[in-house]
1. Quick check on my filter: what residues within segment 22-52 are in contact with a helix residue (DSSP H, G or I) (Cβ under 6 Å, 6 or more places away or on another chain) and either among the aromatic types (F, W, Y) or modelled with pLDDT of 95 or more (or both)?
2. Condition test on L3, is it over 20 Å from V184 (Cα atoms) and surrounded by 20 or more Cβ atoms within 10 Å (Cβ to Cβ)?
3. From the residues in segment 371-415 that are of a type in the set (S, T, Y) and in a helix (DSSP H, G or I), which one is nearest to E260 (Cα to Cα)?
4. Within segment 276-297, is even one residue in contact with a Lys or Arg (Cβ under 8 Å, 6 or more places away or on another chain) and more than 19 Å from V410 (Cβ to Cβ)?
5. I'd like the residue in segment 95-136 that is basic (K, R) and either in a helix (DSSP H, G or I) or touching a Lys or Arg at 6+ places or on another chain (Cβ under 8 Å) (or both) and, out of all such residues, is modelled with the lowest pLDDT.
6. So how many residues does segment 137-177 have that are modelled with pLDDT under 90 and closer than 20 Å to S284 by Cβ?
7. Take the residues of segment 36-68 that are of a type in the set (S, T, N, Q) and closer than 9 Å to G357 by Cα: which is surrounded by the fewest Cβ atoms within 10 Å (Cβ to Cβ)?
Amino acid sequence: MKLKTKQTVLIGLSFASILAFWQFYDQVIPVILENHFGLSTFGTSAVMSIDNILAVFLLPLFGTISDKTNTRLGRRTPYILFGTFASVALMVVLAVLTEHKSFAGFFACLMLLLISMSVYRSPAVAYMPDVTPRQLRSKGNAIINLVGYIGGIFATIAMTVMVKSTLQDDGTVVYESFIPIFMVIAAFMIVCVLIMVFTLNENKIVREAGLELEKPEASVKSGEKLDKSVFKSLIFILLSVFLWFTAYNGVTTSFSRYFENRYGIGAGGSSMYLTVATITAIASFVPLGILSSKIGRKKTILLCVAVMTACYFAIIFLPSTGALMYAVFAIIGVAWAGINVNSFPMAVEMCKSSDVGKYTGYYYAFSMAAQIFTPIFSGFLIDKMNLGYGILFPYACVFSALSFVTMCFVKHGDSKPEEKKSLLEHFDVEE
């Protein structure tokens, strides 16, 4: 049994459109809120947290709704198309409202935009497991992540080239029109999704995959509850997701301020370490997907969590930045890739094919919940408890180690490597 790589890449284009948007959103919207509308740092942070709050509720909802959808376009494609086109239309309106500095209109449009993006995130991610055999989903997820990161890289390059500013004599920064970057990201999103829709017939490839005949590990029929042991594993994998995202996002949220306070390095210099982690993660997606097919998803995740915990611990004692710090963050990137490539397939392994969207929503709801919790709790420890930024990596160590413990209780959702009949079969990746 072989992974249909070209088909998986095409499915990944919708994920590329999503990551391009969020890369743009995370970088440009805060600038607009502070520079154009004069919001405080607290006000900007509050607005920027709304997307995570909405995601906790909306991603499981639209994942479940798409599971029950049956149209000539398929289960997931209608939501991908509607969500993309609605989001693009709202981005055009948002660009105009930015130019006119209408905050009430801008905020209302932004809320609608966040909802429209939530419409298709779970269906887009659920598409891959819909058409990929269970034992190949880690490889498939690796390719999906790789294609998705290409979207993020495109957005980063576009913003570097197109978001222009001028430093005034009084020290203020004046930005040129944001309309071009809005339009470029919107065009990229449409192109990605249209290529996917016009090259793939969802209903056809679902029928060809024949995965409705596969029995889930849960072995449940429609309307029945999960077996207790499987349900326990589901809870523990979701808790693990929450914990390792709490650790990782705790670091990324306060990363630049940690380096500034401890090493005297500004945001521009410290960002290079996260860039190295991102590069090594991208380079590792596919090899780690292959590794998990050899040794299993759970072992891969436990290994990667242990490595990340050790890296967090090591940083506590590094007296200075430099080559060793770059090496540690390169390893963190590889380990983080291994966790993400395998954890999502483990979660959807426990459900029947008709519930993939719902379980996709659960997975992302827990990761988003962590991203709501960790800036607040880590900020409380740093500021209110007066522990300072030195607590950042011990904080990450604790939550990462806890995720290792909870992961040990996951007994279902692992992949079972297929026995190869010959050495040459190990190199097969596509039909």
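The values are calculated or read from the model by the stated rules, or taken from the named source; none is laboratory data. Everything quoted here is computed from the prediction, not taken from an experiment. Because the Cβ atoms are built from the backbone with ideal geometry, glycine has one as well, and the counts that use them run over all protein chains shown.
1. Hits for segment 22-52 are F24, F37.
2. Yes.
3. Y389
4. Yes - at least one qualifying residue is present in segment 276-297.
5. Among those residues, the one meeting the criterion is R134.
6. Count: 1.
7. My answer is T64.
A quick yes/no check of all residues on (1) crowded, with 19+ Cβ neighbours inside 10 Å; (2) within 17 Å of the chain's Cα centre (by Cα); (3) not in a loop (DSSP other than H, G, I, E, B):
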position	(1), (2), (3)
L274	no, yes, yes
I282	no, yes, yes
L291	yes, no, yes
Y312	yes, no, yes
I315	yes, no, yes
Y326	no, no, yes
I332	yes, yes, yes
S343	yes, yes, yes
M346	yes, yes, yes
